[in-house]
Amino acid sequence: MDDHVTTHQAADDARNESILIWVNGSLKPKQEALVSVYDSGFMLGDGVWEGIRLYHGRWSFLDEHLDRLFEAALAIDLDIGMDRAALARAIDETASANGMTTDAHARLMVTRGVKVRPFQHPSLSRSGPTVVIIMEHSRPSIPRPIRLATVPHQRGLPMTQDPKLNSHSKLNCILACIAAEKAGADEALMLDVHGFVNTTNACNFFIVRKGEVWTSTGDYCMNGITRQKVIDLCRANDIPVFERNYSLVDTYGADEAFLTGTFGAQTPVSQIDGRQIGTGEMGPVTARLRDLYKALVGA
């Protein structure tokens, strides 16, 4: 078996050793960009985040990412302490300070901030939120299609932890990823609470059957921005697309499968649970959607 591949694998870039990171309004060298051990994000995973990509001087779909961030903050009763315009300025300031104009990835993180005592209650976070922007030179370098393994871990019901929430609490997805690695795969294919195919631990999941593109209903997965763009591109280009319940039987018999995410855009899948999908390489529908997406991002 060849080396393990991740869906967030990027080409090494020596410039990332000297990046400046935005921490609560100040740009700090990488080695000095620190948060407190009392920070609620470190202590409890109490925070929300977004990943965004810079292409040719523009942050792709920034409005949608900020919409999702503020909706998530509202859901967990977290005051970001900045409005959208101020956050957008901070993102641009960080890119400018790092000389980044394209092929950069930003992780925008907001936690409930530093706690006065090391316990759970949110009222113990009294100093305001912690806001961090990590921005790296980043060109995806995924050398082959991804192998998936089905795992027992689920993205759960909304009353446990709503899977639509882009939260710092990612342990269930990390455990799913570990299980997939133990099975010799790159990433985990997670089912929903009814046993239908749902998502992977880090990306949204699509299959192609007889020219039709299928993805999950969206009820139990992160409603990814790239996921929605792919659905929109299908509709705009007369590619039949369905958000529906479907099973592993449907999946194993697919002609193509691919993942979507902000980092990798559309990443082909070669194998699921040891079964080759299609030819094991990127299929024609995936390739067409990748080209349509590149044109959309470049527009």
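The values are calculated or read from the model by the stated rules, or taken from the named source; none is laboratory data. Please read these numbers as outputs of a predicted model, since none were measured by experiment. Note: ideal-geometry Cβ built from the backbone for every residue, glycine included; neighbour counts use all protein chains shown.
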| note | Considering the range 242-260, residues that are part of a helix (DSSP H, G or I) and touching a residue at least 12 places away in the same chain (Cβ under 8 Å), and then whichever is surrounded by the most Cβ atoms within 10 Å (Cβ to Cβ), we arrive at Thr251
| note | Going through the range 11-36 in order, the residues found to be in contact with a helix residue (DSSP H, G or I) (Cβ under 9 Å, 6 or more places away or on another chain) and of a type in the set (A, V, I, L, M, F, W, C) are Ile19, Leu20, Ile21, Trp22, Val23, Leu27, Val35
| Does at least one position in the range 244-257 carry a residue that is in the same structural domain as Ala179 (by TED's automatic domain parsing), touching a Ser or Thr at 6+ places or on another chain (Cβ under 6 Å), within 25 Å of Asp63 (Cα to Cα) and modelled with pLDDT of 95 or more? | no
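When you scan the range 261-284, how many residues do you find that are part of a strand (DSSP E or B) and not charged (D, E, K, R)?
Matching residues across the range 261-284 total 10.
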| Elements of type strands (runs of 3 or more DSSP E) contained in the range 1-90, each with 1 or more residues being over 30 Å from Ala179 (Cβ atoms) and among the hydroxyl-bearing types (Ser, Thr, Tyr) | 26-29, 47-55
| request: Could you identify the single residue in Ile239, Ile225 that is in contact (Cβ under 8 Å) with a residue 60 or more places away in the chain and in the same structural domain as Ile272 (by TED's automatic domain parsing)? | output: Ile225
| task | Might you check whether a residue that is in contact with a Lys or Arg (Cβ under 7 Å, 6 or more places away or on another chain), over 18 Å from Ala265 (Cα atoms) and modelled with pLDDT of 95 or more occurs anywhere in the range 158-169? | result | no
| query | Taking into account only those residues within the range 212-241 that are at pLDDT 95 or above and of a type in the set (S, T, N, Q), which is surrounded by the most Cβ atoms within 10 Å (Cβ to Cβ)? | reply | Thr215
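Which residues, taken from the range 81-108, are among the aliphatic types (A, V, I, L, M) and either outside the structural domain of Arg53 (by TED's automatic domain parsing) or under 18 Å from Phe61 (Cβ atoms) (or both)? Quick ask: steps written out before the conclusion?
Taking the range 81-108 and keeping what is among the aliphatic types (A, V, I, L, M), we get 82, 85-88, 90-91, 95, 97, 100, 104, 106, 108.
Matches in the range 81-108: Ala85, Leu87, Ala88, Ala90, Ile91, Ala95, Met100, Ala104, Ala106, Leu108.
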| field | Of all residues in the range 98-131 being without any contact (Cβ under 8 Å) to a residue 24 or more places away in the chain and of a type in the set (S, T, N, Q), the one that is surrounded by the fewest Cβ atoms within 10 Å (Cβ to Cβ) | value | Ser123
| remark: Within the range 121-160, residues out of contact with any helix residue (DSSP H, G or I) (no Cβ under 6 Å at 6 or more places or on another chain) and in a strand (DSSP E or B) come out as Thr130, Val131, Val132, Ile134, Pro140, Ile146, Arg147, Leu148, Thr150
